[in-house]
1. Filter the range 1-14 for residues that are out of contact with any Phe, Trp or Tyr (no Cβ under 7 Å at 6 or more places or on another chain) and assigned to a helix (DSSP H, G or I) and give the result.
2. Return the only residue of F134, F223, F175 being modelled with pLDDT under 95 and either crowded, with 17+ Cβ neighbours inside 10 Å or β-branched (V, I, T) (or both).
3. Among the residues of the range 135-155 satisfying the criterion of being touching a strand residue (DSSP E or B) at 6+ places or on another chain (Cβ under 6 Å) and hydrophobic (A, V, I, L, M, F, W, C), which is nearest to L194 (Cα to Cα)?
4. What number of residues in the range 26-41 are aliphatic (A, V, I, L, M) and assigned to a loop (DSSP other than H, G, I, E, B)?
5. Only one of these is without any contact (Cβ under 8 Å) to a residue 12 or more places away in the chain, outside any loop (DSSP other than H, G, I, E, B) and farther than 21 Å from L81 by Cβ: E170, E181. Name it.
6. Go through the range 19-48 residue by residue and tally those that are among the polar types (S, T, N, Q) and buried (at least 22 other Cβ atoms within 10 Å of the Cβ).
7. Just one of M192, M199, M160 is modelled with pLDDT of 95 or more, surrounded by fewer than 19 Cβ atoms within 10 Å (Cβ to Cβ), on the phi < 0 side of the Ramachandran plot and among the aliphatic types (A, V, I, L, M); which is it?
8. In contact with a Pro (Cβ under 9 Å, 6 or more places away or on another chain), outside any loop (DSSP other than H, G, I, E, B) and among the basic types (K, R), is that true of K140?
Amino acid sequence: MGVIGDNLERVRARIGDAAKCSGRKVDDVDLVAISKTHDAERVREAIAAGQTLFGENKVQEARAKIPELPSNLRWHFVGHLQRNKIRHALPLFELFHGIDDVDLARDLNRVAEEMGMHPRILLEVNVAGEGSKFGFQPNKLREQMESLLALPRLTIEGLMCIPPLAEEAEHSRKFFVDLRELRDALEEEFAMKLPHLSMGMTNDYWIAVEEGATMVRVGTAIFGERAKPKREVYAD
């Protein structure tokens, strides 16, 4: 099957075990294979192993890579979306994981209206209040939801988070619980459904599944090590 295929099999098995442990079905969890910095040939190896959902975090890289690959693949944007890249990003991605402030959401809504599109989004929550990370502050998101819900072109489907980097996967659990509980509170307060929780990366995705993740963003455990990023990591 090859190294990437073997890696995918291990990741899927661990997702399945975590889902079973928490009384969920493995089909409840989407595995987003993070292909950032990996070339189209390595993505093809993952495709050969049955993977069809991939994530990128740089619009320029995605614009070059996606046309080289089969048109039936699904692509998620998992990084910080720069306002000047919105117009290029909208046709490429079916879901944006990291919408991190109201002004960005407004710009996305405006460009989407100009292009006749209806983007699906997740709201990024800065669960630990880290100054180095983007995202809505948990205690302020409730105040900002009315403004977000007033943007007619955007479909808000859930929340996303990136816990603080930790050596032990178990240390991420608290933040996954916090995100799930915030989602539940928003659903009740605003009488809406937020079906998706995007949480968990290479070092802790099984913990995230145990705590309710519907999407895990896994790159290194599938494709192998990459050069360390200089900026914030959205998926690994």
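1. Across the range 1-14, the qualifying residues are V3, G5, D6, N7, L8, E9, R10, V11, R12, A13.
2. Selected residue: F134, the only one of F134, F223, F175 that is modelled with pLDDT under 95 and either crowded, with 17+ Cβ neighbours inside 10 Å or β-branched (V, I, T) (or both).
3. By that ranking, first place goes to L154.
4. Final tally of qualifying residues: 1.
5. Working: E170 fails: without any contact (Cβ under 8 Å) to a residue 12 or more places away in the chain.
Testing whether each residue is without any contact (Cβ under 8 Å) to a residue 12 or more places away in the chain, outside any loop (DSSP other than H, G, I, E, B) and farther than 21 Å from L81 by Cβ leaves just E181.
6. 1
7. Details: M199 fails: surrounded by fewer than 19 Cβ atoms within 10 Å (Cβ to Cβ); M160 fails: surrounded by fewer than 19 Cβ atoms within 10 Å (Cβ to Cβ).
Unique residue meeting the criteria: M192.
8. No; evaluated as a whole, the condition is false for this residue.
The values are calculated or read from the model by the stated rules, or taken from the named source; none is laboratory data. Just so you know, these numbers come straight off a predicted model, no measurement behind them. Don't worry about glycine lacking a Cβ; one is built from the backbone with ideal geometry, like all the others, and counts go over all protein chains shown.
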